[in-house]
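To start, the structure under review is shown below, and the notes come after it.
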Amino acid sequence: MSLAVVAVLGAVAVYGVSTLAPGGTEDRAEGALAVAEASTVGQSATLGPHAEIVRPAAVIEVAARRPAEVRAFPGTLHPVRSSRLAFRVGGPLTGLPVEEGDLVAAGDLLAEIDPRDFELAVAELEARLEAAQAARQLAILQHRRQAQLVERGHTSRANLDEAIAERDRTAAEVASLTQQLATAQAALGDTRLIAPFDGRVARLHVELHDYLSARQTAVTLHDVSGADFVVDLPERVIGRLPYLQGIEVALSDAPNGRYRAQVREMASEQAVETGTYRTALRLSGLAGVPPLAGLSGTAYLLFLKEDFQRSGEIALPSSAVFRGTEGDDRVWIVEGSPARVAERSVTVTGVEGDRLRIAGGLANGERIVAYGVDFLRDGQTVRPFMVQGGRGGDPDGDPDGDPNGDLGDDPAGDWIAGRGEARAAASSAEAQANP
């Protein structure tokens, strides 16, 4: 059996192990790297000792991102506005056209009580007002006649005074009845409970034919123009809000979905029982009607680390940096066509878990080798392949492996630290491909 066949069988075995091993996208990428390495061994054995070995290179694109950390806080979903609606008058409930969960528009009828007594009151006051207006007209005419008679000397001044008094009395009676009629008409209108805004009927507190007293809560209505996610933040987190880079909320009804959020309001007084501050996070990006109020979930707050704020610093996986012959830190730059690698000295300013801070030597957009750096030499031709979604050293497009994606154009970067096992597997694959 030739060496090429042995190499191919070895590649299949390595790839099988990487496929069966638990892991995500990065594990598959590392398995593919091992297969490609094994293939190069077979290629070298077939082409002879003088053929140049073209190695595969797992490449990432450099992006200036700063390490951050995520804090998770449980909370519940609240409507932006919740109103407990009640009738201003009492009576038997004769109409209840909505049910719990119904969506209603501003001006829609929610409930109605029997209006008969109020209609009768309005009718009676209308009749009394009409009679009072007629009496007032008569009083005005009497006053004019008495005034003319007094001028001619045909009647006494006392008769004129009585006419003036009657005129003023009827005017006051008309004004009073007009006000009473307006009140009765308002009471009649209050027999219909109208939605004050677009919303969802959250709860019905009454049943049809119940006798309601004035101001007894009948319907709870939730505003559907938005939603807030309410969490309790401890005081140590409140002090770090200036370093807040972004917020995402995952709800229990869709744990794989994320809503962006921002701080809308915060209690200025600490809760005595918990020592926390009640904080409302306004959700954005809601399509259509917001989710139901009361849903539980988790708010993820992404904080920039206070000790890592130097402009232009870059976070790289530690597997991309190696020690040069002069004892300095270096990376492999991938450039040209065909692609070749070249050493580049970099300045490491610190360590963040399994990531290194790089303050000099790299620029945004450059490509570097992420794994297997010990098996390359300066000027060597490589077959670069971008690790899926790789940017800033993250195989999934997220520097810290957030399974549900990062915070969009997150400048800070880190979500969940640690991919050491996958990188160790890549080194093992390199060693097997290059005995």
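The values are calculated or read from the model by the stated rules, or taken from the named source; none is laboratory data. Please read these numbers as outputs of a predicted model, since none were measured by experiment. We place every Cβ from the backbone using ideal geometry, glycine too, and count neighbours over all the protein chains shown. Areas reflect the complete protein model, heavy atoms only, side chains present, ligands, DNA and RNA absent. Shrake-Rupley method; radii C 1.70, N 1.55, O 1.52, S 1.80 Å.
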Requested in this report: Kindly indicate whether any position in the range 197-205 is at pLDDT 95 or above, open to solvent by less than 70 Å² (accessible area, probe 1.4 Å) and either over 30 Å from residue 291 (Cβ atoms) or part of a helix (DSSP H, G or I) (or both).
Outcome: no
Report summary line: Being at pLDDT below 95, of a type in the set (D, E, K, R) and open to solvent by less than 20 Å² (accessible area, probe 1.4 Å) narrows 235, 248 down to just 248
Query - Pairs with Cβ under 7 Å, 6+ apart, first in the range 361-372 and closer than 11 Å to residue 344 by Cβ and at pLDDT 90 or above, second part of a loop (DSSP other than H, G, I, E, B) and not polar (S, T, N, Q) - result: 368/62; 369/376
Report summary line: Note on residue 264: of the conditions (1) open to solvent by 60 Å² or more (accessible area, probe 1.4 Å); (2) under 14 Å from residue 72 (Cα atoms); (3) at pLDDT 90 or above; (4) among the charged types (D, E, K, R), unmet is (2)
Report summary line: Residue count, the range 163-196, condition closer than 21 Å to residue 91 by Cα and assigned to a helix (DSSP H, G or I), comes to 10
Query - Residue satisfying condition, being at pLDDT below 90 and either of a type in the set (A, V, I, L, M, F, W, C) or open to solvent by less than 30 Å² (accessible area, probe 1.4 Å) (or both), within set 301, 281, 295, 286 - result: 286
Report task. All but one of (1) free of Cβ contacts under 8 Å to residues at least 24 places away in the same chain; (2) part of a helix (DSSP H, G or I); (3) open to solvent by less than 60 Å² (accessible area, probe 1.4 Å) hold for residue 125, so report the exception by its number. Result -> (1)
